[in-house]
Every structure is written in structure tokens, then in C-alpha cells.
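Inspection log for the structure reproduced underneath, given as C-alpha cells.
The values are calculated or read from the model by the stated rules, or taken from the named source; none is laboratory data. Here the structure is a predicted model, which means the values were calculated and not measured. Please note: Cβ atoms are built from the backbone with ideal geometry, for glycine as well, and neighbour counts cover all protein chains shown.
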Amino acid sequence: MSLKRIAAASATGLLAATLAAPATTWAQAPLPACAEHVIHMHDLPNDLTETVKYNFTVSSDDDNDVNVTMAAQGQAPFASGTIRWFSFGEPNAWIQADPGDPPVVVTATTTGTQSDSYEDCLDTVTRVLTHHAPQVSLLCSDYDGDGNYPHAERSPRTCTLGQQNWRIHADGFMGLGKINHWRGWGTNKATARATWYENMGLRAQVNLRLYRLRPVGDELIYTRAKVTHIRWNHKLHTRRSVTVKLPTHGA
């Protein structure tokens, strides 16, 4: 089991191990189900991007503590505990899914009060969360003479590589076209052949390698590019290898 789902974020150790209820000497009738849900889960999407940590908030309308369990579907819970009422106003749990895991089931229970009779009731909310692999992108630059405006591309056929934090002067950019035969896109090393275009009709056939994937939001972004085996159509250009530290955020 590789799901990383540690919950809670407060100094009191929210979602700590659930303690067994104290034994009683008489049978208690089960509470009826609440007519309306009093439990809420905010900022918890139904479909998670793998490897991304999601902070979310569990709360109750009646300000009663909420018991929470997390389990891979069809398996015993891997985490259980109590979200305390005083943490309802801020993120108090988090979850993260890894590749190969089954869907995650998050169940929350608490005692509420019926709005019509003011009698106690039991509320249960269950969420089944699927997950998918993150999108992998390369930030290609748009330079208009005044600034650089990176935008995300996937397996691009043309791309202007811009240095990270480079905002002015076209010399900081490398225009690539005819990018083809991508190999390993989405892995830690993606390679392709391309044509590097410069001013005055200069161009070179190059090998392009992207590497050093980093999570940015709910995507993985290539943060380095290396251009090698540069064959120019003009002898004045002699560079054999260029490494570019790529931008990681759009404009």
C-alpha cells in the first residue's frame, strides 16, 4: 500500500488514532439517520491528481467533533481519528494518492440534531475518490519584445525555450521547430529531434532532451532542457551544447 494519506494539520494532532469508546453496562438504541447532512467536506475533489497533496476541511453544522476514516476501496482503513470542532474554520486534513492505488474512500460520521424534532441523530458522509496521473508539460515562451509569457504545452511540435526569469531581450530565447519523434514524454527524460532557428536564416539540426520534472500545481513540469549535436548551416556558429533552465510558472 503506497497511498500517502496522513490527515490533519493542527497543533493538537487532528485525526489522531481513534480511541475505543468506554464500555457501558446497558444497551443503547442506535441513533436515527439525520434527515439532512450536517457534515461538510470542502476543497476535496472527486478525482485526485496522483502525487499531489490536497488539503481539505471537514466540518459539522452542529459544531460536534467528526470521526473520519480513510481506506483504499475494498480494504481496511489505513487512517482513522477525530477532527475537533475548533478546527472547522481552516484546512484540517490532507490526502495524497500514488500511482497504482485503488480509489480512496473517505468516511465521516458525527452526531447531529434533527431540525424538526431537535432530537439527536447520526450523520454519515462517504466520498469515493478516483485518481489519475498528472499531466506533464513544457512551458514554451511567447516573447513579444517587452516580456516573456510562458504557456504549457504537451509534446509540442514547436516551442521557444526561455530561460527561467528571463523577461527581456530576445537573445535569452531559443526557437525550436519541426520537433518530432518524441521519446519518453512524461518520464524523467524526454528526447526529440528539432530544428533550432536563429536570425538571418541561420538554423541547426539538434537533439533535444528535457529532464528534471518538478510538481507545479496539479501538473509536472520539465525544468531543464539540453540541446546537443548542434549542426549549423553557417560555420560562424560553433556552440556544441546548450542547457536551458526553463520557467516553471506561466505568465
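Quick one: which of 99, 91 is part of a loop (DSSP other than H, G, I, E, B), touching a strand residue (DSSP E or B) at 6+ places or on another chain (Cβ under 8 Å) and surrounded by fewer than 19 Cβ atoms within 10 Å (Cβ to Cβ)?
Details: 99 fails: touching a strand residue (DSSP E or B) at 6+ places or on another chain (Cβ under 8 Å).
Criteria check complete, one pass: 91.
Kindly indicate whether residue 72 is buried (at least 17 other Cβ atoms within 10 Å of the Cβ) and assigned by TED's automatic domain parsing to the domain that holds residue 122.
Working: buried (at least 17 other Cβ atoms within 10 Å of the Cβ): yes; assigned by TED's automatic domain parsing to the domain that holds residue 122: yes.
In short, yes.
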Out of 97, 152, 72, I need the residue that is touching a His at 6+ places or on another chain (Cβ under 6 Å) and at negative phi. Which one? 97
Got a number for residues in region 38-80 being more than 21 Å from residue 100 (Cβ to Cβ), of a type outside the set (A, V, I, L, M) and in contact with a strand residue (DSSP E or B) (Cβ under 6 Å, 6 or more places away or on another chain)? 14
So the check is Cβ under 7 Å with 6+ separation or different chains; which pairs have a first residue in region 53-76 that's among the basic types (Lys, Arg) and a second one that's assigned to a strand (DSSP E or B)? 53/94; 53/96
Considering only region 31-38, I want to know if a residue exists there that is modelled with pLDDT of 50 or more and in a strand (DSSP E or B). yes
Listed residues 109, 126; which is in a strand (DSSP E or B), more than 22 Å from residue 222 (Cα to Cα) and over 23 Å from the mean Cα position of the chain (by Cα)? 109
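For region 212-225, how many residues are surrounded by 16 or more Cβ atoms within 10 Å (Cβ to Cβ) and over 17 Å from the mean Cα position of the chain (by Cα)? Steps first, answer last, please.
The first filter runs over region 212-225 and keeps only residues surrounded by 16 or more Cβ atoms within 10 Å (Cβ to Cβ), leaving 213, 216, 219-223, 225.
This time we only want the ones that are over 17 Å from the mean Cα position of the chain (by Cα), so: 225.
So the answer is 1.
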